[in-house]
Every structure is written in C-alpha cells, then in structure tokens.
Amino acid sequence: MADASYTEAVKEALVGDRDAEFVWLCNFEVEHEWARGFPGLPSAQASATASIVQRMEEFGALLAAPGDHLLLGSALDPGYRAYLGRTVSPPPGEIVVDGADTARAVLSSPAAINRLRALADRGAYLMPMGVSRNEEEITTATGLKLAAPDADTAQRVNSKIYSRRLVEELGLRGIPGHTCETVEELRNALRPLPTPESPLIVKDAYGMSGKGLLVLDSPRRAEGLLRMVERRAQRTGDPSIHVVVEEFLDKRFDLNYQFTVDRTGRVRLDFVKRALTSGGVHQGHVIPAGLSCGHIEEIGTVAEHLGNRLFADGFFGIVGVDALLSDDGLLYPVLEINARLNMSSYQGRVLERFHRPPAVALAKHYTLRLRRTVGFEEVLHELGDLAAPPTGGSGLVVTCFGTLNAARAEIERAGTREGRLYTVLIAPDDARLRELDGRVADRLGRLTTKEASV
C-alpha cells in the first residue's frame, strides 16, 4: 500500500476498495454501550466533559475523503470547514442530526435515514469509530454496509480483561495484576492491601480516558471500595464485577502504537508514538516516540502476534495499543488493546502531509476557560503567524475546533466554561517544538481574558 494515501490504505484494508464511499461516525464513547451488562466500579459519575466529547466527532473530517460523508450532531463551523479545505483536504459532506447521541439521533431522524438509504443504494459503507448495537441498527435501517466487525466481536475484543488474557496466552511481558469478574476475585486481587509505596490501580473493563479508573494507595481506600461493591452485590443479587487490578510500574513514558488487520488477516504496523497522559487521561502524542530500533522491532513482532489472534477471534480493522517503557528500559507492549479507531488514527493524514523526519510533532489540546463563545477566525487572528500550516517544517494545524465552544449554553448562562482546541504542532527539533508550544499557549490564553462584546 506504499502508493496509497493514509485514508486510501484504511479503505483498502477494511473493504478492499480504496475508492469506496464511506459514511464516518466518530462515536468516541462507544465503550458506554459495550459496558452494558458488565458492571464495573460503583458510583461512576457523569462526565463533566460530555459536550466536549460529542463535538470530538468532527475529528472524522480529518480522515474522511472529499467524497465521503460525516455524521454529526452539530455542523462544522463554516470558517473551520474552509480552513480544513485549504490546509488538509476538502472536507466530506455533512449529515447533521439533532441529539446528544449522534447514533441514536440518526435512528430517530427520517430525513437522515432517507439520505443514508440513498447512499446505501450507491454501495456506501458505514465506518464507525467502534461498533455497538446502535451502529448495527443504522445499517439495518438504511442498508449501509458495515466496514467493521459486528458489535459482539467489537465488544468482546475491546475488554481490558480480554487484553490481559491475550497477553498471558501469547506469553508477552505483562503488567503484574489480575482480572476480576466477581467480588470475591476482586477481594483476593487486593491482598495484600495497597499502600502509598505499593499502590494498585483498578480499571473498568470498558473504561476510557481516565473514567472508570481508581487508584488505591492505602488500605482504607481498598477496604472502602470492597464495601461498596459488596453492598451493590447484596442489593442487586449479582456478585459480578468486570475490572482489572494492576500494580504501578516506574516508567520512562507511555506509548501508543497502531496496526491494521485487513479482511484477509494480513497485519501492518502503522506507527508508534509516545503518549502523553496524566492520571490515566490521554493528553496527546509526540512523534517520533524516541525508542530504539530494538524496541520498534519488538513492537512489530507483538503487533503481528496480536493481529493474528484478533483475526482468529473474528476481528479485522484498526487497532490501537497502549504500552509503556519502564525505567529500566523494558518494554511492556500491551497495557490494553483498543480494537477500534483512536485519537492517533485521526492524526494520520495531517502527519502524512506535513511531518517529514527528522522534524518532531506534538498532538495536543489546549484547555481554555472562555468568558464567551469564540469564532474560528478570532482564533486564527490571535495565533497570527503561528497559525500558518507547517509546510516549511514548522507550524500548526487545528484538528478540532467545535470542542472549544462545546459548552456554549453554559458559557452564555454562567459566564465561563472550559473548552478545548485540538492541534498538531510540528517543528525541526524538540527545543523549537517546546518554544512553539509555549508561544501557542500564550497567544490562545488571550482568549480567556476577553469579555463578551456588548
């Protein structure tokens, strides 16, 4: 596939046709659907960033081809759409539905269903970030073909319990820990009780981005968790709990790599990146990862083994894997398997166009507490010369704008609300990348001090 673009290579692998017409659906919180019937940690709170996460669906505009279509809960900002056209590629057609959950909104929109049926008549495919029952219902209602495995397969291979068991089965170097599917197994996994010197981390089988994750650094916290899950089991009569318990390892940094399993079972390693995380929450990526050739070769071998096993379990498609490099230089190649599109997937075409080694790239978001809604042209104005795309080896690409004003109603009602601007920065070396990052943060910070105009 060396002669194919990033998006063409994805289509070739998934459906055998690089010119296929795709309808993209970036359902970032598909894990919520997979988690149904698999109780995890108790007292999970609703996400304060739900509106931001929904607007992340416009990342699909970076990956979709000009003749494709993107399902959205809110239309792309016209200024940002024009920016994508002159910076990355002409954006796809938009199919906009009204609802907090885009997939469910599609199913309740006769206009969207009719439009998708017309696309299905032309042979179009539905390409979701991950497949749940909702996406299967869309294909049933419209006739769109699914460019990914069915929901049962997706749910099975995306569990963190599946990941740990696959590591054990393949004899890979794994994080010390346990899988737990009952309260009794969790009780045993927390013995001996954790301490500040030997903490444990408990993760929901279908948790993501720091949600469904609990750090236990004392006997009191561990015993408190056990009391809560025991009370829930007594109340519901169901002793099941689906979590993994892992020890902390001292690490140099986190890693993320992606490979693709095509419909015939061939495995291709796509890239390896250094992942930036804080408290288990994804913050961005650095490219290149800064690994030795030996570590890269080891990842390639692991990807081949994982891909073969996933294919045997009925999966094909894009797979993102979280890993880490320990302080003593050992590679732990699988923290968890995300057999779906991931944040890195959507950066592919931007990096393909602008990143040329030995330049370095940083994918990150800037968090801003705005006092009013901000237009895209104002963002470009504040960035000034820094907004120039990195055609000369240094610059910036805005990869998601809708997340900046996602909480627009709250901003207008309460006067301030957190938003995010997603970007990819490229510079000739680490020092100039840090300098560029600092300058961008300073310029964007001006937006947080401006009051609403009268």
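Tabulated values for the structure
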{"quantity": "GLU352 paired with ALA312, simple spin-label distance in nm, labels 7 Å along Cα-to-beta-carbon", "calculated": "3.2"}
{"quantity": "Straight-distance crosslink candidates among lysines, where the alpha carbon sits under 18 Å from LYS160 and sequence neighbours closer than 8 are dropped", "calculated": "LYS203, LYS211"}
{"quantity": "Cα centroid of segment 242-257 to Cα centroid of segment 134-171, whole Å", "calculated": "23"}
{"quantity": "Residues with amide H under 5 Å from that of PHE253, placed H, sequence gap 5 or more", "calculated": "LEU325"}
{"quantity": "Label zone at ASP385, where the point sits 7 Å out along the Cα-to-Cβ direction: segment 427-441 residues whose backbone N lies under 18 Å", "calculated": "427-429, 432-441"}
{"quantity": "Global form of the chain, assessed from the alpha-carbon gyration tensor, a/c cut-off 1.5", "calculated": "rounded"}
{"quantity": "Using θ = phi - 60° and Karplus 6.51 cos²θ - 1.76 cosθ + 1.60, couplings along segment 401-407 (whole Hz; Gly, Pro as x)", "calculated": "9, x, 5, 5, 10, 4, 9"}
{"quantity": "Phi to ³J(HN,Hα) by Karplus 6.51 cos²θ - 1.76 cosθ + 1.60 over segment 192-205, Hz, x for Gly, Pro", "calculated": "x, 5, x, 9, x, 7, 9, x, 10, 10, 10, 10, 4, 4"}
{"quantity": "Helix-only CD estimate at 222 nm, as mean residue ellipticity for the chain, using -39500 (n - 2.57) per DSSP H run (n ≥ 4)", "calculated": "-10500 deg cm²/dmol"}
{"quantity": "FRET E, pair GLU8, LEU170, Förster distance 45 Å, beta-carbon r, rounded to 0.05", "calculated": "0.90"}
{"quantity": "Rounded FRET efficiency, nearest 0.05, which uses the C-beta distance separating ALA75 from ARG439 and R0 of 25 Å", "calculated": "0.20"}
{"quantity": "Ranked by how many other beta carbons lie within 10 Å on average, peptides 215-226, 358-369 from highest", "calculated": "358-369, 215-226"}
{"quantity": "Built amide H within the under 5 Å cut-off of ILE337, gap 5+", "calculated": "SER163"}
{"quantity": "Cα centre as origin, Lys/Arg/Asp/Glu Cβ charges: the chain dipole, Debye", "calculated": "860"}
{"quantity": "Extended-chain gain in nm, criterion 0.36 nm per residue less alpha-carbon gap, ARG86 and THR182", "calculated": "29.2 nm"}
{"quantity": "Estimated FRET transfer efficiency (THR449, THR195; beta-carbon r; R0 45 Å; 0.05)", "calculated": "0.55"}
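Here, each number is a calculation from the coordinates, and none is a lab measurement. On a predicted model such as this, the values are computed, not experimentally measured, just so you know. Backbone-built Cβ (ideal geometry, glycine too); neighbour counts: all protein chains shown.
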